[in-house]
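Encoded as structure tokens, the structure appears first; notes follow it.
The values are calculated or read from the model by the stated rules, or taken from the named source; none is laboratory data. Values in this document were obtained by computation on a predicted structure and should not be read as measured data. Positions of Cβ are generated from backbone atoms using ideal geometry, with glycine treated the same way; all protein chains shown enter the neighbour counts.
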Amino acid sequence: MLEIYERLGVHCHESVDVTLSLTHEQRDKGRLKAFAEDGTEVRIFLDRGKALQVGEYLKSQCGKIVVVQGAPENVVLATCDDWSIFSAACYHLGNRHVKIQIGERWLRITPDHVLEEMLQQLGLHTQQEIAVFIPESGAYGHGHHHH
């Protein structure tokens, strides 16, 4: 079992010993018990309030380097060719404090039939998919994601 209390950031020149794949909800937790790709039990004890980033490195108490990856999960992909409609959709989701991943005229949210229907009524095409979900950290978050 590995116990982790230390973050190394997203740049690390040491060799990785363990890969840990986590969903967006798991990456939001400061305290977590999970299992690495090789089956190693990993217990994380970090400050709450700052989500783990995909690609972030951690150091275990025994000195092993752990890299965090995003685990594929169920999401809704919504696309639109019209920037005005797309912007309106982002506004309405943000107004509801929905976690959202934003790309070039595409966005991802966690499955929610009410939100999917709203996006469709606004003119976006929606489809369910399995993907790594990396929601925006927010205007006051530490970091900004573009993938």
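Hey, can you tell me all the residues within the stretch 18-48 that are under 17 Å from the mean Cα position of the chain (by Cα), among the charged types (D, E, K, R) and part of a strand (DSSP E or B)?
Selection gives 31 alone.
What single numbered condition from (1) out of contact with any strand residue (DSSP E or B) (no Cβ under 6 Å at 6 or more places or on another chain); (2) assigned by TED's automatic domain parsing to the domain that holds residue 16 fails to hold for residue 66?
Result: residue 66 passes all but (1).
With the condition kept exactly as written, say whether any residue in the stretch 49-57 is part of a strand (DSSP E or B) and modelled with pLDDT of 95 or more.
Scanning the stretch 49-57 turns up at least one residue that is part of a strand (DSSP E or B) and modelled with pLDDT of 95 or more.
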